[in-house]
Amino acid sequence: MIRTIVQIGDKVLREKCKPVEKFDSELFTLLDDMKETLKDAQGAGLAAPQVGVPIRAVIVDVEEGFFEFINPVFVWQKGEQTGPEGCLSVRGKEGVVTRPNKVKIVYKDRNGNRCSLVAHDFFARAVCHELDHLDGIIYTDKAVRVYDEED
Ligand code: CO
């Protein structure tokens, strides 16, 4: 089911999200709905608080594939990249944000298995952007400038 993507100004986007404790059918439904919602919105990533659920779960859909990260934590962050970024909760805008160029995270999959992953370049940017959402941070907080998206 496609869920409504909450927009900047909604206080759920500013919450410190709670860790996922139950890897159950409620979580599976949320993740499946998030995937459908992301596909519909043609975005690169979506965090659970963006559909109004303040828990530590994000999805990322990039060239490298489709990923679900539950309770993700950075192991390390390296390098730097500066480039344009947008967010499905900040419609019609883009901003220039500096991010690490390479990151390693540990996380759980939907079944609660411990996993780790190294992401580079745009994938790393997407991971950083989505993990920020879990701490109530929106890219516009970090952008050097925000402007109207070109269509
Ligand atoms: Co976002």
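Counted by Cβ distance under 11 Å from Lys102, the other residues give a net charge of +2, where Lys and Arg count +1 and Asp and Glu count -1. P(r) for region 1-87, from all Cα pairs and a bin width of 5 Å, is 3, 13, 22, 24, 22, 12, 4, 1 %, short bins first. The mean sequence separation of alpha-carbon pairs under 8 Å and at least six residues apart, normalised by the residue count of region 34-95, gives a relative contact order of 22 percent.
So what is the relative contact order for the chain, in percent, with contacts set as C-alpha pairs under 8 Å and at least six apart?
Details: 307 pairs, mean separation 38.7, N = 151.
The value is 26 percent.
The calculated 222 nm mean residue ellipticity attributable to helices in the chain amounts to -6500 deg cm²/dmol, summing -39500 (n - 2.57) over DSSP H runs of n ≥ 4 and dividing by all residues. Per-residue 3J(HN,Hα) values for region 138-145, derived from phi via the Karplus relation 6.51 cos²θ - 1.76 cosθ + 1.60 with θ = phi - 60°, read 10, 4, 5, 5, 10, 5, 6, 8 Hz in sequence order (x marks Gly and Pro).
The value obtained for the chain, namely the Cα convex hull volume divided by the number of residues, is 102 Å³ per residue. Residue separation of Asp109 and Glu21 scaled by 0.36 nm, minus their Cα-Cα distance, works out to 30.5 nm of gained length. Sequence-ordered 3J(HN,Hα) estimates for region 34-44 from the Karplus curve with 6.51, -1.76 and 1.60 and θ = phi - 60° stand at 4, 4, 5, 5, 5, 4, 4, 8, 6, x, 9 Hz, glycine and proline given as x.
How many percent of the accessible area of the chain is carbon or sulfur, using a 1.4 Å probe? Carbon plus sulfur share of accessible area: 47 percent. Amide H contacts of Leu117 (H built 1.01 Å from N, in plane; Pro and chain starts excluded): Ile105 sit under 5 Å, all sequence-distant by 5 or more or on other chains.
The values are calculated or read from the model by the stated rules, or taken from the named source; none is laboratory data. Note that the coordinates shown come from a computational prediction; the quantities given were computed from them, not determined experimentally. Reconstructed Cβ throughout: ideal geometry from the backbone, glycine too, with neighbour counts over all protein chains shown. Protein only, heavy atoms only, side chains kept; ligands, DNA and RNA dropped before computing areas. Shrake-Rupley method; radii C 1.70, N 1.55, O 1.52, S 1.80 Å.
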